[in-house]
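Visitor: Attaching a single structure in structure tokens format; questions to follow.
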Amino acid sequence: MANLTSEQRQLVEQWAAEGANLNQIQDRLRNECSVTLTYMETRLLIMELGVKIQDKPREAPPEEKPAPPPAPADAAANAGDYADEDGVADELLPPDSSPAEGGALDISVDEIPPPGALVSGKVTFSDGVTAQWYVDQMGSLGMRGPAPGYQPPAADIPAFQSELYRTLELRGF
């Protein structure tokens, strides 16, 4: 553990109170105090000092889901772009794209994604079938259906991508 002077310890407490994260505290110790600590040593120092690192405030998701915009004429054509033969979908649609009107979609985000995924969750399509979705390290959207060969309703695909984009954006992804 690093031997910091009382002044250096006060600086660490002050930086944390000002909203600095662990990386910033580690950098400032190196640059301003000539004390080099690993990330883990910095984390242990924070715990030892009893300093609370402030979490960034996150926006609360809206209570009501907005009604999806009207379906574009080429929604069925876009549905074919959903996934390739490996079950990996093309890029997520940006929020300004118009999703097709499908039935009600229910999207959830897992607290802990499985190995290999940055974020994951479940979606229940308008036909009542629930599938697992994930975004891998390359940013590709993938889907694991309940049964091999399952295809969600064509109108649900663009609506799912658009709603997923909005949901992930609200969560800071």
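Visitor: Going residue by residue through segment 69-92, is there one that turns out to be at pLDDT below 85 and farther than 30 Å from GLY139 by Cβ?
Guide: No; the residues of segment 69-92 include none that is at pLDDT below 85 and farther than 30 Å from GLY139 by Cβ.
Visitor: Since ALA154 meets every condition but one in (1) within 20 Å of the chain's Cα centre (by Cα); (2) modelled with pLDDT of 85 or more, which condition does it not meet?
Guide: (1)
Visitor: Name the residues in segment 105-124 that are among the hydrophobic types (A, V, I, L, M, F, W, C) and either within 24 Å of ALA155 (Cβ to Cβ) or not in a strand (DSSP E or B) (or both), would you?
Guide: Hits for segment 105-124 are LEU105, ILE107, VAL109, ILE112, VAL123.
Visitor: Right, something else. Could you list all residues from segment 34-49 that are surrounded by fewer than 16 Cβ atoms within 10 Å (Cβ to Cβ) and not acidic (Asp, Glu)?
Guide: Answer for segment 34-49, where residues must be surrounded by fewer than 16 Cβ atoms within 10 Å (Cβ to Cβ) and not acidic (Asp, Glu): SER34, THR36, THR38, TYR39, MET40, ARG43, LEU44, MET47, LEU49.
Visitor: Right, something else. Does any residue in segment 127-144 that is assigned by TED's automatic domain parsing to the domain that holds ALA155 come within less than 7 Å, Cβ to Cβ, of a residue that is acidic (Asp, Glu) and at pLDDT below 90 six or more places away or on a different chain, and which pairs are these?
Guide: GLY142/ASP136
The values are calculated or read from the model by the stated rules, or taken from the named source; none is laboratory data. Since the structure is predicted, the reported quantities are computational estimates derived from the model, not experimental observations. Glycine gets a Cβ as well: all are built from the backbone with ideal geometry, and neighbour counts include every protein chain shown.
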